[in-house]
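Just below is one structure, and these are the notes that go with it.
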Amino acid sequence: GNSVTQMEGPVTLSEEAFLTINCTYTATGYPSLFWYVQYPGEGLQLLLKATKADDKGSNKGFEATYRKETTSFHLEKGSVQVSDSAVYFCALKKAGGTSYGKLTFGQGTILTVHP
Amino acid sequence: DGGITQSPKYLFRKEGQNVTLSCEQNLNHDAMYWYRQDPGQGLRLIYYSQIVNDFQKGDIAEGYSVSREKKESFPLTVTSAQKNPTAFYLCASSIDGSSGLYNEQFFGPGTRLTVL
């Protein structure tokens, strides 16, 4: 079946540091890939997405590239801010078939950014 | 403003009691979903509904029940049969239930359920 694996957290960085959160997936076919962010006490918000190999999703300074050869979708940001402190979820949606829009999530990575 | 509302934000229940979590959306979305979030485990799908009067079990449906009598509402009942109900529950919706690549799911703010 489909699965998503994220790097273990928590991740603690100083402001303006470079961020990488690793995400790898297992799926048949050609899934769409997503990064969601959850701020404390809130629901999830879509951060970025990519729908085919070599696509780069980007938003709010975050980027992730769909790498089919390594089945990865690592999240990066060049300079993090305190306001980026949140939980980040990698997810996939399998295209086609009878998946009914189901998202498969990774376990989440807690990011804390200190001033 | 369009969006998804969940109520209450915090809910306490005594062991052995059923409890119902509310989820309402005014986005005119056909599909709605319930997820459970536990620390370090990501989100797991409980139930989903592609259209009014229809719903399907997700990965962890045991001990839960749902109804979809109206397009905008998808309440979740946590029954006494759910062995470990303490968790954060998230409701989501999307335009339809297809696996379309641009079919984004929008999430509500969640309800934290604690069993005493």
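How many of the residues in segment A:29-59 are surrounded by fewer than 18 Cβ atoms within 10 Å (Cβ to Cβ) and either of a type outside the set (S, T, N, Q) or away from every other protein chain (no Cβ under 13 Å) (or both)? Within segment A:29-59, residues that are surrounded by fewer than 18 Cβ atoms within 10 Å (Cβ to Cβ) and either of a type outside the set (S, T, N, Q) or away from every other protein chain (no Cβ under 13 Å) (or both) number 13. For A:GLU69, the requirement of being under 11 Å from the mean Cα position of the chain (by Cα) and away from chain B (no Cβ under 14 Å) is not met. Within segment A:67-109, being part of a loop (DSSP other than H, G, I, E, B), under 26 Å from B:TYR33 (Cα atoms) and not polar (S, T, N, Q) holds for A:PHE73, A:LYS94, A:ALA95, A:GLY96, A:GLY97, A:TYR100, A:GLY101, A:LYS102, A:GLY106, A:GLY108. Taking the conditions (1) under 20 Å from B:ALA92 (Cβ atoms); (2) in contact with a strand residue (DSSP E or B) (Cβ under 6 Å, 6 or more places away or on another chain); (3) part of a loop (DSSP other than H, G, I, E, B) in turn, A:GLU42 satisfies each one other than (2).
Examine segment A:1-23 for a residue that is within 13 Å of chain B (Cβ to nearest Cβ), acidic (Asp, Glu) and open to solvent by 70 Å² or more (accessible area, probe 1.4 Å), and state whether such a residue exists. Yes, segment A:1-23 has at least one match.
With respect to A:TYR25, determine if the residue is assigned to a strand (DSSP E or B), farther than 22 Å from B:PRO109 by Cα and over 10 Å from the mean Cα position of the chain (by Cα). In short, yes.
Of all the criteria given as (1) under 26 Å from B:ARG112 (Cα atoms); (2) open to solvent by less than 10 Å² (accessible area, probe 1.4 Å); (3) more than 14 Å from chain B (Cβ to nearest Cβ); (4) of a type outside the set (D, E, K, R), the one not satisfied by A:SER85 is (2).
Kindly state which strands (runs of 3 or more DSSP E) lie completely within segment B:1-91 and contain at least 1 residues that are within 14 Å of chain A (Cβ to nearest Cβ), among the hydroxyl-bearing types (Ser, Thr, Tyr) and buried (at least 21 other Cβ atoms within 10 Å of the Cβ).
On the way: elements: B:4-7, B:10-13, B:19-25, B:31-37, B:43-51, B:54-57, B:64-66, B:76-78.
Counting at least 1 such residues, we get B:31-37, B:43-51.
Against the list (1) surrounded by fewer than 20 Cβ atoms within 10 Å (Cβ to Cβ); (2) charged (D, E, K, R); (3) more than 9 Å from chain A (Cβ to nearest Cβ), the condition B:GLU104 fails is (3). The single condition among (1) under 18 Å from A:GLN107 (Cβ atoms); (2) in contact (Cβ under 8 Å) with a residue 60 or more places away in the chain; (3) hydrophobic (A, V, I, L, M, F, W, C) that A:LEU13 does not meet is (1).
Name the one entry in B:LEU76, B:LEU101 that is at pLDDT below 95 and of a type in the set (A, V, I, L, M).
Details: B:LEU76 fails: at pLDDT below 95.
The conditions single out B:LEU101.
Of all residues in segment B:1-49, exactly one satisfies the criterion of being more than 14 Å from B:ALA87 (Cβ to Cβ) and without any contact (Cβ under 8 Å) to a residue 24 or more places away in the chain, namely B:ASP1.
The values are calculated or read from the model by the stated rules, or taken from the named source; none is laboratory data. Keep in mind that this is a model prediction, so the values were computed, not measured. Because the Cβ atoms are built from the backbone with ideal geometry, glycine has one as well, and the counts that use them run over all protein chains shown. Accessible surface is based on the protein model in full, side chains and every heavy atom, while ligands, DNA and RNA are left aside. Shrake-Rupley method; radii C 1.70, N 1.55, O 1.52, S 1.80 Å.
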